[in-house]
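The values are calculated or read from the model by the stated rules, or taken from the named source; none is laboratory data. Note that this is a predicted model, so its numbers are computed, not measured. Here the Cβ positions follow ideal geometry from the backbone for every residue, glycine too, while neighbour counts run over all protein chains shown.
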Amino acid sequence: MMKQEHKRTMGRLVNMHVERKKLYLSLLILTLSTFIGFLFFQLGFNDSNIIMLYLLAVFLIAIITANRIYSIIFSFISVLIFNYFFTFPLLSLSAYDSGYPMTFVIMFTVAFVTSTLAAKIQQNSHFSALIAQRTRILLETNQMLQKEITKEGIIQKGCEQLYKLLKRDIVFYPYSEHELQEVYVYPPQTSEHFKDVLSDEIHVARWVAKHNRHGGASTDYLPNSKYLYLAVRADHNVYGVLGIYLDKEQLDSYENDILLAILGEIAFALEIEHINDEKKQSELKAKNEQLRADLLRSISHDLRTPLTSISGNADMLVSKEQELAQKDRLQLYEDIYDDSLWLINLVENLLSITRMEEGAIRLKLEPQMIEDILYEALKHVSRKKKEHHLHVQIDDDLLMADMEAHLIIQVIINLVDNAIKYTPQGSNITLHAYQKEDMVTIEVYDDGAGIPDDKKEHIFDKFYRGNTKIVDSKRSLGLGLALCKSIVHSHGGEIHVMDRIPHGAMFYFTLPATKLKLEEHGEVS
């Protein structure tokens, strides 16, 4: 605040210097006119020429000063100078000619009217310039605020613009849930005096927010405050309280107009941000409700088949175990096991994708051997793998990547199970791992029918299943690939699908390669 007071003092000194400069320039013009008048007088020019010379001088002075007081004073001085130097008796304020008094009156009147009109034109020009400047500032402010999409950005840009225009400290209290939030200060202040002022005047800001009115300095409510507080409002909704440091000063009409105009722009921007936020919340709520409905619908339909199968097979074993042949009993056991494994995998996917979206999973990335991860995943894939030919190809036996092991294992299980589901018996399924630059790529591809191009764009979306027929006739919730995408992205990698030539589909994802540093004899390789 001391810095701001210093600025205002310097501003007053600058204004005094400018006014003094105008005064000196006006005296110079009058002196020059008198000098030229002497030349006219010596050359025998008519008095009217000298009078016109002084009228021109007064006109120029009015344009330079744009001040009616200066116009009156210099109009009167010009009449006195003309009477003193150019009417007989010379060097005297009296005149022999009886018509001179009327000449002086007319001269003063013409000089006054001319200078007044010139001053008015100058003021109108200045006023027009201020209007143009205000329009430019408002347009600039509007464009700046439109680029901001957050409440914090809108407030910061608005305060920055007001400070640039008014050269006064600005504070802003966001207002929500009927309470003032943490104050924004521009420019940033650390002065204890500044904090004390805000602490003493916080009740003024609360009153302004509650009553949706102006308060503080230069108003009827607590005019002794150091800040002028204004409600930032739109359609009777208060979005904040703006404070401007005035102390014992007041804003002029131009500053007040600019302030109210920018205040309206800030309020409008905050209202748009509020509407957009509510819209996003509504869309998110609707999306969550839709996801919940899709999940319940999928579960109600898709869980019925394996549960019915497990229940029916178990009932047959309980009631007719002795009547069944050994081969038939083993088949029922395998069916129960397969259906149970399918249910377990489904529940794991549901739990994992829920935890991923809620941010409950905190990754602990550690170096892992790719070979170990691939073979561990193959232990847990569907028993149907016996009906396919699985191949593992690793370009480097020491290939390593940073990962959360059990999550990447789940990704590989989902991709391999996906290939098993959608390819006929006897198909080849290959897992291929290699390093390219600083990323490890793991591919899972088959020689089945492949995936249509119109399905590739949505294949990683939740609950998307397309129309592709599953070989074992079991339906899928469409969560496996969505979970793979979430897990891979959380590791800083990418996952994609593409066609495999001549036929088949290939899923591939990337992981950060492990950077090993081996120290030997003081050297790092």
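Things to note:
- Screening segment 252-274 for residues that are among the β-branched types (V, I, T) and under 15 Å from the mean Cα position of the chain (by Cα) and picking the one that is nearest to N212 (Cα to Cα) gives I266.
- Selection status of G478, assigned to a loop (DSSP other than H, G, I, E, B), among the small types (G, A, S) and modelled with pLDDT of 85 or more: no
- Of note, I487 does not satisfy the criterion of being loosely packed, with under 15 Cβ neighbours inside 10 Å and either modelled with pLDDT under 90 or over 25 Å from A405 (Cβ atoms) (or both).
- Only one of the listed residues (E273, E278) is under 30 Å from G158 (Cβ atoms), in contact with a Lys or Arg (Cβ under 6 Å, 6 or more places away or on another chain) and either at pLDDT 85 or above or not in a helix (DSSP H, G or I) (or both). That residue is E273.
- Single residue of segment 418-434 satisfying the filter (more than 12 Å from L390 (Cα to Cα) and modelled with pLDDT under 95) that is surrounded by the fewest Cβ atoms within 10 Å (Cβ to Cβ): P424
- Residue check, I459 farther than 17 Å from A401 by Cα, assigned to a loop (DSSP other than H, G, I, E, B), modelled with pLDDT of 80 or more and among the β-branched types (V, I, T): yes
- Among the criteria (1) charged (D, E, K, R); (2) touching a helix residue (DSSP H, G or I) at 6+ places or on another chain (Cβ under 7 Å); (3) not in a helix (DSSP H, G or I), the one K248 does not fulfil is (2).
- Complete set of residues in segment 308-342 that are in a helix (DSSP H, G or I) and either in contact (Cβ under 8 Å) with a residue 60 or more places away in the chain or of a type in the set (D, E) (or both): D315, D328, E334, D335, D338, D339, W342
- All positions within segment 377-413 that are assigned to a helix (DSSP H, G or I), modelled with pLDDT under 90 and either outside the structural domain of Y508 (by TED's automatic domain parsing) or touching a Lys or Arg at 6+ places or on another chain (Cβ under 9 Å) (or both): K384
- Residue in segment 238-252 that is crowded, with 19+ Cβ neighbours inside 10 Å, hydrophobic (A, V, I, L, M, F, W, C) and out of contact with any strand residue (DSSP E or B) (no Cβ under 8 Å at 6 or more places or on another chain) present: no
- Index of the failed condition, V471 passing every other in (1) among the hydrophobic types (A, V, I, L, M, F, W, C); (2) closer than 16 Å to T423 by Cα; (3) modelled with pLDDT of 75 or more: (3)
Rundown of residues vs (1) part of a helix (DSSP H, G or I); (2) at positive phi; (3) surrounded by 15 or more Cβ atoms within 10 Å (Cβ to Cβ), yes/no style:
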| position | (1), (2), (3) |
| --- | --- |
| V105 | yes, no, no |
| V110 | yes, no, yes |
| S128 | yes, no, no |
| I131 | yes, no, no |
| Q143 | yes, no, no |
| G153 | yes, no, yes |
| Q161 | yes, no, yes |
| V171 | no, no, yes |
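- Test result for V416, among the aliphatic types (A, V, I, L, M), closer than 17 Å to G492 by Cα, in the same structural domain as H491 (by TED's automatic domain parsing) and not in a loop (DSSP other than H, G, I, E, B): no
- Condition check for I344 on (1) within 26 Å of H491 (Cα to Cα); (2) at pLDDT 85 or above: one failure, at (2).
- In segment 41-70, residue surrounded by the most Cβ atoms within 10 Å (Cβ to Cβ) [restricted to those that are of a type in the set (G, A, S) and modelled with pLDDT under 80]: A62
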